[in-house]
Amino acid sequence: MQEECLICKAPLVYLQEDQEMECAICHKIERSKTRCVNGHYVCNACHTRGLDSVFGICLTTDSKDPVEILEQMMALPFCHMHGPEHHTMVGMALLTAYHNAGGAIDLPRALGEMKNRGAGVPGGACGFWGACGAGISTGMFLSIVTGSTPLGGENFGLAHKMTARALGAIGAVGGPRCCKRDAYLSLLQAIDFVRTELGVAMVRPKIRCTHFSQNAQCIRARCPFHPKEPSETA
């Protein structure tokens, strides 16, 4: 099933200007640029409802592979083909793999901080901000593990370089958006960056997408993770 609107499965419409909309689930009224062709709008909070369930995965796995960890998260019932949940899950998968690979962090505390920061990046940021939330999530991860703040020095620079690397890889492939593809691209860039800059070696896997049949806008041959394409090019 190709997934679009969470209410009726109809295609989504992305507007150029905010409009006042009522969430079809919680009935909160707020301004947004996204709705389906039938007028349904789902707020970010409702779209990510169930995100707390990923803590169980992160705190029990011993995997050093952030892609493997993310796949476990994406298999949970709350996770959709596209959505702002990916803006948090990418960073949480990295924090978990980093910790398991020897990175010195307080994992429960770091995961809570990642959840709070990721919630600040709305759905549609990829198209409207020019900065995909999955890519931004890698910068949040780097900021958390290095303790960066707006007054930071080297760590301030590293966090920005990390985000730039991830967004550069996403931009090189182009659109339309795919939250799975952009998450994979971001994770691979983060794995390489962390090994070089922080000396922590997470596992870098080969990736074959299993989600493309759910994506109405799948770019197929242009995607480095499509089953017929070599992931080594990513």
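The values are calculated or read from the model by the stated rules, or taken from the named source; none is laboratory data. Owing to the predicted nature of the structure, the values given are computational and were not obtained by experimental measurement. Because the Cβ atoms are built from the backbone with ideal geometry, glycine has one as well, and the counts that use them run over all protein chains shown. Areas reflect the complete protein model, heavy atoms only, side chains present, ligands, DNA and RNA absent. Shrake-Rupley method; radii C 1.70, N 1.55, O 1.52, S 1.80 Å.
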Problem set entry | Taking N as its residue count, the alpha carbon Rg of the stretch 1-106 over 2.2 N^0.38 Å | 1.27
For this session: Mind jotting down the distance between the C-alpha centroids of the stretch 159-234 and the stretch 64-100, whole Å?
Result: 13 Å
Exercise. Given the pairs K115/K180; K64/K206; K9/K180; K9/K115; K180/K228, which are separated by over 20 angstrom at their Cα positions?
Worked result: K9/K115
For this session: Note down the relative contact order for the chain as a percent, whole number, built from C-alpha pairs under 8 angstrom at least six residues apart.
Result: 17 percent
Exercise. How large is the accessible surface per residue of the stretch 163-231, computed with a 1.4 Å probe and reported in Å² as a whole number?
Worked result: 43 Å²
Seminar exercise, completed: Among T48, A24, P66, the residue whose Cα sits farthest towards the positive end of the charge dipole of the stretch 1-122 (+1 at Cβ of Lys and Arg, -1 at Cβ of Asp and Glu, taken about the Cα centre) is A24
For this session: May I ask for log10 I(q)/I(0) of the stretch 75-135 at q = 0.14 Å⁻¹, from a Debye sum over the Cα atoms as equal point scatterers with solvent left out?
Result: -0.43
For this session: May I ask for the angle, rounded to the nearest 10°, between helix 133-146 and the longest principal axis of the chain, with both axes built from Cα atoms and the value confined to 0 to 90°?
Result: 30 degrees
For this session: Could you size up the charge dipole of the stretch 149-234 around its Cα centre, putting +1 on the beta carbon of Lys and Arg and -1 on that of Asp and Glu, and report it in debye to the nearest 20?
Result: 380 debye
For this session: Whenever you get a sec, compute what percent of the accessible area on the chain sits on carbon and sulfur atoms (1.4 Å probe).
Result: 53 percent
Exercise. How many Å² of accessible area per residue for the stretch 1-98, probe 1.4 Å?
Worked result: 46 Å²
Exercise. When the helices in the chain are scored as -39500 (n - 2.57) per DSSP H run of 4 or longer and the sum is shared across all residues, what 222 nm value do you end up with, to the nearest 500 deg cm²/dmol?
Worked result: -14000 deg cm²/dmol
For this session: Enter the angle in degrees (range 0 to 90, nearest 10) between the Cα long axis of helix 107-118 and the first principal axis of the Cα atoms of the chain, meaning the one along which they spread out most.
Result: 40 degrees
Exercise. What are the extents of the Cα atoms of the stretch 136-234 along their three principal axes, listed from largest to smallest and rounded to whole Å?
Worked result: 44, 25, 19
